[in-house]
1. Quick check on residue 76: is it more than 25 Å from residue 32 (Cα to Cα) and aliphatic (A, V, I, L, M)?
2. Within segment 113-136, how many residues turn out to be touching a Gly at 6+ places or on another chain (Cβ under 9 Å) and not in a loop (DSSP other than H, G, I, E, B)?
3. Select from segment 81-105 the residues that are in a helix (DSSP H, G or I), within 15 Å of residue 118 (Cβ to Cβ) and either open to solvent by 20 Å² or more (accessible area, probe 1.4 Å) or touching a strand residue (DSSP E or B) at 6+ places or on another chain (Cβ under 9 Å) (or both) and list them in ascending order.
4. Could you tell me whether any residue of segment 14-24 is crowded, with 17+ Cβ neighbours inside 10 Å, modelled with pLDDT of 90 or more and part of a helix (DSSP H, G or I)?
5. What's the total number of residues in segment 42-80 that are buried (at least 22 other Cβ atoms within 10 Å of the Cβ) and either over 26 Å from residue 31 (Cα atoms) or of a type in the set (S, T, N, Q) (or both)?
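The values are calculated or read from the model by the stated rules, or taken from the named source; none is laboratory data. Small disclaimer: the values here were computed from a predicted structure and weren't measured. Glycine also receives a Cβ, built like all others from the backbone with ideal geometry; neighbour counts cover every protein chain displayed. Accessible surface areas use protein heavy atoms only, side chains included; no ligands, DNA or RNA. Shrake-Rupley method; radii C 1.70, N 1.55, O 1.52, S 1.80 Å.
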Amino acid sequence: MLRRFLLLFVFIPVIVYANQSLENDLKLANIGNSGAAFRIGARYLNGEGVEQDYEKAKYYLERAADKNHSHALYDLGYMYLYGIGVEKDYMMAYDYFERSKDVGFVPAYFIIGLMYYDGAGVKKNDKKAYEYCKTAIERGYKTNNIILDHKNKKILIKQEKEQEDK
């Protein structure tokens with residue numbers, strides 16, 4: 001009985017707060033707050049506290065992106081790169097990542113570098129891949145999967161340990 005009582009009072013405030021936060025963000029997004037629109041879009045994209053809904057995610061992320069919200073731009077790029085809730089479109093992804101990079105979102109440099117490395121939506125270019133990944137790492141992006149080959153101006157992707165053992 002005491003355990004049930006504690007669970008009721010410990011978890012209900014968290015649930016109420018989460019709902020209030022969503023309600024507050026909806027109000028703020030409706031008056032043009034890009035941070036609130038991004039948070040709502042991210043919730044719908046990831047199904048955090050709401051049922052996952054890619055259409056709503058895209059709607060709110062686009063509202064934030066219209067105001068150059070760096071992370072919203074990045075998330076939209078990610079949706080287009082992998083075809084999450086939208087048709088896969090490398091050029092749209094690249095454009096969103098470029099806009100995100102231009103407003104200072106460091107992970108965008110890295111993913112653009114990988115696009116150049118793979119030739120995803122852009123012409124494969126090892127030198128550009130190197131420069132973008134190098135910039136991301138110099139600006140604090142952390143990764144264990146990339147080695148910068150400074151001599152040849154290339155990036156090397158570390159293989160998974162299981163693949164190396166084969």
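1. Spelling it out, it is not the case that residue 76 is more than 25 Å from residue 32 (Cα to Cα) and aliphatic (A, V, I, L, M).
2. 10
3. Restricting attention to segment 81-105, the residues satisfying the condition of being in a helix (DSSP H, G or I) are 81-82, 90-102.
From what is left, the residues that are within 15 Å of residue 118 (Cβ to Cβ) are 81-82, 90-91, 93-94, 97.
Result: 82, 90, 91, 94.
4. no
5. Qualifying residue count, segment 42-80: 1.
Residue-wise test of (1) of a type in the set (Phe, Trp, Tyr); (2) out of contact with any His (no Cβ under 8 Å at 6 or more places or on another chain); (3) modelled with pLDDT under 95; (4) closer than 25 Å to residue 72 by Cβ.
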residue: 105; (1), (2), (3), (4): yes, no, no, yes
residue: 115; (1), (2), (3), (4): no, yes, no, yes
residue: 121; (1), (2), (3), (4): no, yes, yes, yes
residue: 141; (1), (2), (3), (4): yes, yes, yes, yes
residue: 148; (1), (2), (3), (4): no, yes, yes, no
residue: 153; (1), (2), (3), (4): no, yes, yes, no
residue: 158; (1), (2), (3), (4): no, yes, yes, no
residue: 164; (1), (2), (3), (4): no, yes, yes, no
